[in-house]
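**Student:** Quick one: structure below, then a few questions.
The values are calculated or read from the model by the stated rules, or taken from the named source; none is laboratory data. None of these values were measured; they are calculated from a predicted model. Using ideal geometry, Cβ is built from the backbone for each residue, glycine included, and neighbour counts are taken over all protein chains shown. Areas reflect the complete protein model, heavy atoms only, side chains present, ligands, DNA and RNA absent. Shrake-Rupley method; radii C 1.70, N 1.55, O 1.52, S 1.80 Å.
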Amino acid sequence: MTLQNTRAPQIPDSVPEGPVRDFIAHWAEITRPDRVVVVDASDDASLLEEALAAGELHPAGDGRYYSRSHPRDTARSEERTVVATSDPSDAGVYNNWRPAEEVKAELTSRLQGASAGRTMYVVPYLMAVPGGPLARHALGVELTDDRTVVLQMIRMARVSTRFLEELAESSDPGYFVRGVQVSGDPESLGQGTDDDQRLFATLADERTIIHYGSAYGGNALLGKIAHALRLASYDGRRTGDFLAEQFMLLGVTDTLTGKTWHVAGGFPSASGKTNLAMTLPPDALGDRYRVTFYGDDIAWMWVGDDGRLYAMNPENGVFGVARDTNSRTNPAAMEAVRPGTGTIFTNVAYNELTGDVWWEGKTPDTPEDTTGWRDWTGTLIDDRDPSDRDAPWAHPNSRFTTALSNVTTLAPDATDPAGVPVDLIIFGGRTRDREPLARVVEGNAAGVYDGLTLGAEATFAAEGLDGQLRYDPMSMRPFLSYPEGDYARHWLDILGRLTEPPTFAHVNWFQRDPDDGHYLWSGFRDNLRVLLWLLAYREGTVTGIPTPVGVVPAAGELDLTGLDIPADDLTRLLSIDPVRWGQEMQARSVHLSAFADLPEEISGAHRDTAAALADSMTSPDGAPHDNS
Ligand code: OXD
Ligand code: MN
């Protein structure tokens, strides 16, 4: 056991006098680390060496690394995550609002001496492309007592001591996000008991984030989820300046005409967002189209001077789910973790003799020779209890962390501070029936309504619900920081200021045959065919077929060159089922009724959709829509 220091440690002279130094001193006084170290991205090599020597990282072949988080600390903990402010009207349905004073007192007490025996790293970072219009909202300083967290921050954010100097010279030196991350001892956090000490708080109106009790990236990389999503979304609405969303961002270029479009999109987890963001064109279209990557998880969007919606990815890396990533599902991701990239793998299976890593879906079968392999908990595969024989080798939420510059499909203008104009916003869940391959929803209110009613099908095993959606508005459910009705209003306000708003559409790659359950759509690279149709619709070169829930592609309008798809499957993919939609509308009514102050435009869009569906059921030519 480490005795608590009687004195707070020295703060390095390189931290200028002023608010940053005061902030560090305040928390060093509370958490009592042994020392305080200021980090610059150029410290990566020495920090890696220290982490290897300390056994926090293991070599994973040619400049790649492996880490294991505590077996009970492998995912975001939504039930322990709160947004705390001093304004009770900030309480929404999903943000777990609590009073700021109460949360601060609780955390201050829990953090007393909590970093004893450890180092406090000071990580100055920017969650933005430097120089862009939103850079002011992007500056932060994370204090963390975990070296692996520092190494991941260096990959995921722009980390530089230059930001400390800039702040010292700034006319508003207080304007930075204050982040405090303390991992704590997993064995004494009381996880899962009534006395669970872990608490992940965004003090939104104080621009402060305090996370206690996890070293897992999704909780501990404060720049990513707490700052660039939760806090940025709060700031975006407070200032009226921007939207911060859990969206991927990609570019599609038609090399024949030289035209490029940009597509942003929100997908609940396990709906293929990273795979889509990194997709390559299908072979048959690869000579003509190019897909470029901007970001796989977060987009900040604002109104450009030309009246278009602009977007940028505030992250500097990819924190991707390893499971099922392979050269078919995501060749660009496999390339981005190649030797020499400095990638950190977390909670995958690891071979301590060869440094190889493996996860379910990387190859069809587990490695044949099990010598040296350990599963994600650190247990030698050969020593596993026979009852664990079928347990996964890698944790389902195992991850790879790699810098953006390792992504070979990265767009040439990904780091242009001006951002890129957004032509298309798509929402996509995982839905086995009802939801066609694609449908355009016309207009801003219908688009926001579609985003608010986004969801993924509950898995039968987990929730016992038959095909009912777990709603995940705009895929922001875990990151919403203020009430949902106000969130919808802010979206409508931003969109209302545009002279050339993006087109909204809903996509579904996961429709299944009702008889034998096979997936009707091939997915992955073929998804570009759907994006191309949506962009053609925007350009006015295809018309599609109107349905009560939006415009779906006519079968002949999709470019299916080189794709062998049965006609019946295609018909079903492009059809809607009004009976199932009727059930869905009931569920939506309940879902939306929980939101206070929902804008009338959204209620109107809901009513219009319900009425159009009712009409289609009763009108003489309104047989269930069939696109054949
Ligand atoms: C997430 C992530 O948990 O992006 O959503 O890591
Ligand atoms: Mn995410």
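**Student:** At 0.36 nm per residue, and after removing the present C-alpha to C-alpha distance, how many nm does the segment from D306 to D185 gain when stretched out fully? If you can, show how the numbers build up before the last one.
**Tutor:** On the way: separation 121, 0.36 × 121 = 43.56 nm, distance 5.19 nm.
Contour length minus the Cα-Cα distance gives 38.4 nm.
**Student:** How many percent of the alpha carbon pairs in region 320-404 exceed a separation of 15 Å? Numbers along the way, then the final one.
**Tutor:** On the way: 1998 of 3570 pairs.
The share of Cα pairs beyond 15 Å in region 320-404 comes to 56 percent.
**Student:** For region 320-404, which whole-number percentage of the solvent-accessible area (1.4 Å probe, protein heavy atoms only) is attributable to carbon and sulfur atoms? Write down the numbers at each step before the final one.
**Tutor:** Values: 1770 of 3860 Å².
Answer for region 320-404: carbon and sulfur cover 46 percent of the accessible area.
**Student:** Using just the helices of the chain, give the 222 nm mean residue ellipticity in deg cm²/dmol: DSSP H runs with n ≥ 4 each add -39,500 (n - 2.57), and the total is spread over all residues, rounded to 500. If you can, show how the numbers build up before the last one.
**Tutor:** Details: 16 runs with 156 residues, N = 628.
Computed mean residue ellipticity for the chain: -7000 deg cm²/dmol.
**Student:** Taking N as the number of residues in the chain, what value does Rg over Cα atoms divided by 2.2 N^0.38 Å take? The partial results should precede the final answer.
**Tutor:** On the way: Rg = 24.6 Å, N = 628, 2.2 N^0.38 = 25.4 Å.
This ratio for the chain stands at 0.97.
**Student:** Okay, next question. Which angle between 0 and 90 degrees, to the nearest 10, do you get for helix 100-110 versus the longest principal axis of the chain when only C-alpha atoms count?
**Tutor:** 50 degrees
**Student:** Nearest 10 degrees is fine. How inclined is helix 600-618 to the longest principal axis of the chain, computing both from alpha carbons?
**Tutor:** 40 degrees
**Student:** Then there's this: Give the accessible surface of the chain per residue, rounded to a whole number of Å², with probe radius 1.4 Å and ligands, DNA and RNA excluded. Write down the numbers at each step before the final one.
**Tutor:** On the way: 24450 Å² over 628 residues.
Computed with neighbouring chains in place, this is 39 Å² per residue.
**Student:** A further question follows. Alpha carbon centre of region 237-316 versus region 351-407: separation in Å?
**Tutor:** So the two Cα centres are separated by 32 Å.
**Student:** Take T371, project a point 7 Å from its Cα along the Cβ direction, then tell me which residues of region 349-363 have their backbone nitrogen under 16 Å from it.
**Tutor:** 351-356
**Student:** Now for a separate question. In bins 10 Å wide, starting from 0, what share of all Cα pairs of region 192-323 does each bin hold, as a percent?
**Tutor:** 11, 33, 32, 16, 6, 2, 0
**Student:** Work out, step by step, the length gained on full extension between R136 and D13: first 0.36 nm times the residue separation, then minus their alpha carbon distance; give nm to one decimal. Each step should come with its number before you reach the end.
**Tutor:** Values: separation 123, 0.36 × 123 = 44.28 nm, distance 2.54 nm.
Between R136 and D13, full extension yields 41.7 nm more.
**Student:** Moving to a separate point now. Please compute the modelled spin-label separation between A53 and D324, points set 7 Å along Cα→Cβ, answer in nm with one decimal.
**Tutor:** For D324 paired with A53, the spin-label model returns 4.2 nm.
**Student:** May I pose another question? Could you work out what % of the accessible surface of region 503-628 is carbon and sulfur, using a 1.4 angstrom probe and leaving DNA, RNA and ligands out of the count? Could you put the intermediate results ahead of the total?
**Tutor:** Details: 3080 of 5840 Å².
That fraction is 53 percent.
**Student:** Under the rule of at least 5 residues apart or a separate chain, name every residue whose amide H is placed under 5 Å from the amide H of R98.
**Tutor:** V83, A84, T85
**Student:** Give the calculated FRET efficiency between Y519 and E169 to the nearest 0.05, with a Förster radius of 51 Å applied to their Cβ-Cβ distance.
**Tutor:** Working: r = 56 Å, r/R0 = 1.10.
After rounding, the FRET efficiency stands at 0.35.
**Student:** Also, I was wondering about something else. By how many nm would the segment from S46 to D385 lengthen if fully extended, with 0.36 nm per residue of separation less the alpha-carbon distance? Walk me through the intermediate numbers first.
**Tutor:** Details: separation 339, 0.36 × 339 = 122.04 nm, distance 3.86 nm.
Gain on extension, S46 to D385, equals 118.2 nm.
**Student:** While we're looking at this one, here's another question. Please turn the phi angles of region 86-95 into ³J(HN,Hα) values with the Karplus equation 6.51 cos²θ - 1.76 cosθ + 1.60 (θ = phi - 60°), one per residue in order, whole Hz, x for glycine and proline.
**Tutor:** 9, 10, x, 6, 7, 6, x, 6, 9, 8
**Student:** Whole percent per 10 Å bin, from 0 to the bin with the longest distance: what is P(r) over all C-alpha pairs of region 420-516?
**Tutor:** Spelled out per bin, shortest first, that is 15, 42, 31, 11, 2.
**Student:** In region 342-441, which trypsin sites (Lys or Arg not before Pro) are in a loop and have at most 14 other Cβ atoms within 10 Å, using DSSP for the loop call?
**Tutor:** Numbers: sites: K362, R374, R384, R389, R399, R430, R432, R434, R439; in loops: K362, R384, R389, R430, R432, R434.
Answer by residue number: R389.
**Student:** Count the lysine pairs in the chain whose Cα atoms sit under 24 Å apart, keeping only pairs 8 or more residues apart in sequence or on different chains. Intermediate values should be presented prior to the final figure.
**Tutor:** Working: K104/K224; K224/K273; K259/K273; K273/K362.
Step by step, the pairs that qualify in the chain add up to 4.
**Student:** What FRET efficiency would be calculated for the residue pair D564, D195, taking the C-beta separation as r and a Förster radius of 35 Å, to the nearest 0.05? The partial results should precede the final answer.
**Tutor:** Working: r = 59 Å, r/R0 = 1.67.
Step by step, r from the Cβ atoms, then E = 0.05.
**Student:** Carbon and sulfur: what percent of region 1-117's accessible surface (1.4 Å probe)? Mind showing how you got there, number by number?
**Tutor:** Details: 2890 of 6000 Å².
Here it works out to 48 percent.
**Student:** Between I545 and residues 5 or more places away or on another chain, which pairs have amide H atoms under 5 Å apart, with H built 1.01 Å from N, and which residues are they?
**Tutor:** HN-HN under 5 Å from I545: V552, A554.
**Student:** Now for a different question. Taking only Cα atoms, what is the 0 to 90° angle, nearest 10, from helix 484-496's long axis to the longest principal axis of the chain?
**Tutor:** With both axes taken from Cα atoms, the answer is about 70 degrees.
**Student:** From Cα pairs below 8 angstrom and at least 6 apart in sequence, can you work out the relative contact order of the chain, rounded to a whole percent?
**Tutor:** On the way: 1335 pairs, mean separation 86.3, N = 628.
So the answer I get is 14 percent.
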